[in-house]
Every structure is written in structure tokens, then in C-alpha cells.
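Visitor: One structure is given below, represented as C-alpha cells, and several questions about it will come after.
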Amino acid sequence: MIRLTNASLFFLAAGILTSVSVLSGYQVLFVIPLFYYSYQAIKNKDYDLPKSAWWLIAFFFVALLSLLTNFEIIPKPSKNFGRLKYYLYGFGGIFVFRVWLKEATDQAKKIITNVFLVSIIAAGLCAGWQFMNGEPRPKGFTDTMRYGYGSAMLLCTLLSAILHREKIKNWFDYRVGIVAFVIGVFGMYITYTRGGLLGFLCGLPFALYFYRAKWGLVVGGAALLVVMTLGGFYLFGTSNSGSRFLINKNNNSDQIRRSQWQAAIIAVKERPILGWGLSNFHSQLKRIKETYDLEKKDYNDAHAHNLFLEVASGTGLIGLILFLGWLLTWAWESFRAGGLTRAMVIPFGVAFVVGSQFEVTFDANNASMIFFLYSISVAKMTSLSSQDLP
């Protein structure tokens with residue numbers, strides 16, 4: 001079963017930044033160890049999990065209920081129900097990684113880690129090639145937003161791994177990590193995903209702070225100055241620049257985003273308890289914009305451009321409360337765990353929360369990455385609480 005887990009993680013590492021098709025190998029293979037180890041945990045009554053896991057599984061059931069109660073108005077139910085798997089991977093993955101962390105060899109971990117680092121390098125080079133060939137906003141191997149926002153999150157964790165390399169030297173090649181980080185930052189920047197860059201700038205000081213407090217404070221101050229400068233131009237600027245990082249609030253992209261936010265808030269007001277069904281906000285978007293005379297009516301088949309509004313519109317306030325409960329308890333548990341867990345999870349979480357204000361970051365690639373990090377960090381905390389990740 002460990003070998004099967006290794007194989008599934010190989011596809012995860014190779015596919016996050018490169019291909020949904022490759023990533024599907026992980027989604028298919030991981031199901032087997034997930035059910036096997038979950039069954040073993042139940043059989044042996046070894047299911048003492050932290051609070052965040054119970055918040056997550058509670059959200060799963062509310063999301064399921066939201067789909068069942070809205071089944072008749074969901075255009076493609078199989079797609080919506082399919083999204084539930086990410087929450088099960090996050091919850092059930094804890095049981096898998098409790099065993100995998102102890103029994104997988106350092107060689108297997110090193111191969112998987114190197115595959116992931118190479119995928120970061122390959123995606124960054126691909127974005128660079130597209131940029132040099134006239135693509136104004138490169139897509140990498142996947143999609144501009146998916147790649148930009150995903151990179152912003154994972155680069156914060158990668159930096160922490162490089163800084164704390166002595167703790168993971170048996171399976172992490174920091175030299176390849178440095179190359180991946182530099183190329184990854186370049187690739188993320190040229191996508192010009194403003195929310196992704198903001199998330200990275202907010203997460204970066206935390207990664208440095210947990211290594212050297214002074215570094216974090218200095219870089220944090222510099223990042224704050226950059227964010228305030230860009231924010232001031234965004235709020236009070238009178239003309240648009242040729243750079244996406246220097247445009248003011250009246251640009252077309254943000255007008256669309258604001259109209260999506262307004263529509264999502266209205267959707268929550270219309271069905272505040274269980275919402276319109278997980279990831280089903282898009283089916284109500286055109287109607288809401290026309291009924292309430294919102295701007296950008298031609299942009300009528302998309303998500304809310306905000307993860308939390310998307311969750312609220314799809315699963316109601318009950319779902320939003322449970323989702324926030326999961327996120328906050330995970331953050332608190334990771335912070336209390338200290339060591340490498342705190343250093344790698346908190347910067348990632350900061351970039352995730354900030355970036356999710358401007359984009360729904362639960363696409364197939366990034367949701368797989370997020371819940372992998374969640375389950376392996378919780379498994380480490382519950383089974384190896386006094387040690388750092390082996």
C-alpha cells in the first residue's frame with residue numbers, strides 16, 4: 001500500500017503545475033490507500049483527530065446536503081458532486097500520511113520531492129517561453145490564474161523548506177529547490193496575477209520570520225510599503241498605467257470582479273441557509289445580474305472571484321461558518337505545532353487566504369495541493385507531534 005501511495009504522490013507532484021490529466025492519476029490511485037487506511041483507523045478505533053478535521057468533514061456533509069437540496073437546478077450534477085472529493089482527500093488523507101510518513105523511505109520521498117521541484121522549473125520555463133514569444137500573460141502548462149495563484153502559495157512553502165533545509169536534508173535537495181524558487185518567482189510574476197503577487201508578498205515575511213525574526217520584520221516592512229504604494233495608486237490613481245500592477249480601480253477587470261462579488265452577496269441573501277449548491281453560483285449569475293441590474297451582465301457564467309463568497313453562495317452561511325472553522329483551527333493547530341510545520345504551513349496559509357479574496361483557488365490543481373498540505377501537516381502533528389517532518 002505504501003508503494004501505491006508513492007505512485008499516487010508521484011502523479012500529484014508531477015501534475016499540480018503541469019496537467020489536470022496527469023493529476024487525475026493521483027486522484028484515482030489515492031482513493032485506494034485512502035479507504036484502506038481509513039478503514040484500518042476505524043477498525044482499530046484510531047481516529048483521534050484534531051478539531052480542524054471535524055470542521056472539514058462537517059463542511060463536507062453540508063456541501064453534500066446543499067447539492068442534494070438543489071439537485072434540480074444544477075446543470076451538471078456530476079461535476080459538482082465530483083468536487084466533494086477534495087474534502088474527503090483532506091480528511092481521509094490524514095490516515096494515509098500517518099502511516100506514509102513513518103514507513104516511506106527517504107529515497108521515495110526524495111524522488112517525489114524532486115519531481116515536484118522539476119515541475120516548478122518546467123512550468124516557469126514554459127511561462128517564460130510564452131512571454132518571450134509575445135504572450136502578454138503566460139499560462140504555463142495550465143492556466144494563467146491557476147498557475148499564478150498556485151505558484152504564489154507553494155513558493156512561500158518552498159522558501160521555508162530551503163531555509164530549514166537541515167531538518168529535511170535526507171530527502172530535500174535545496175540546490176534544486178533554489179533553482180525552482182527563482183524560476184518559479186519569475187514565472188509567477190510574468191502572469192501578472194495581482195492577487196497572487198499580493199498573497200506572495202504577504203506570505204513571504206512569515207516564511208522569513210520563522211527562520212530569522214529580523215529578516216521577516218525587515219522584509220515585512222518592505223512588503224507593506226510596496227503594498228501600500230500599489231494600493232494607494234489603485235484607490236486614488238487617476239489614470240491607468242501599461243502595467244497591471246499600477247492600474248487603478250476603474251479598470252475593466254476589477255469592474256467585472258466587483259460585479260461578481262455583488263452578485264454572490266445577493267445569492268447568499270436569497271438562500272442564506274444552504275445556498276444554491278456547492279460550486280453552483282454560476283448557474284444563478286445571469287439571472288441575478290439582470291434582476292438586480294448589476295454591471296457587466298455579459299460576464300455571466302463564472303465563479304465569484306472570491307473563494308469565501310463562492311463557498312457562502314454555494315453552501316450558505318452554515319457552510320461558510322464550517323469552512324472558516326476548518327481554516328482557522330488548522331492555522332491555530334499549525335502555529336501551536338511550531339517547528340517545520342509552523343514554518344511551512346503558516347506562510348502558505350497567508351498567501352492562500354489573501355489570494356482567495358480575488359480568485360476561487362479551489363480549482364482541481366490547487367485544491368489537490370491545498371488538501372495534500374493540510375492532510376500531511378495534520379498527520380505529522382498527530383503522529384509525530386514532538387518531531388519535525390522526517
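Visitor: Would you mind getting the accessible area per residue of the range 57-193, heavy atoms of the protein chains only, 1.4 Å probe, in Å²?
Guide: 44
Visitor: Which entries in the list K51/K110; K110/K380; K102/K169; K169/K380 go over 27 Å, if you measure between the two C-alpha atoms of each?
Guide: Correct reply: K51/K110.
Visitor: Just to confirm, what accessible area per residue do you get for the range 319-372 at 1.4 Å probe, in whole Å²?
Guide: 30
Visitor: Sticking with this one: Can you tell me, using C-alpha contacts under 8 Å and at least 6 residues apart, the relative contact order of the chain as a whole percent?
Guide: The normalised contact order for the chain reaches 24 percent.
Visitor: Taking H placed 1.01 Å from N in the peptide plane, check which residues at least 5 places from T18 or on another chain put their amide H under 5 Å from its amide H.
Guide: none
Visitor: How many percent of the accessible area of the chain is carbon or sulfur, using a 1.4 Å probe?
Guide: Accessible surface attributable to carbon and sulfur in the chain totals 65 percent.
Visitor: Could you give the nm distance between label points at K110 and A222, where each point is 7 Å from its Cα heading toward the beta carbon?
Guide: Rounded to a tenth, the inter-label distance reads 3.3 nm.
The values are calculated or read from the model by the stated rules, or taken from the named source; none is laboratory data. Predicted, not measured: the structure shown is a model, and the values here were computed from it. When we count neighbours, we look across all protein chains shown, and the Cβ atoms used for this are built from the backbone with ideal geometry, even at glycine. Please note that ligands, DNA and RNA were not included when accessible areas were found on the heavy atoms of the full protein model with its side chains. Shrake-Rupley method; radii C 1.70, N 1.55, O 1.52, S 1.80 Å.
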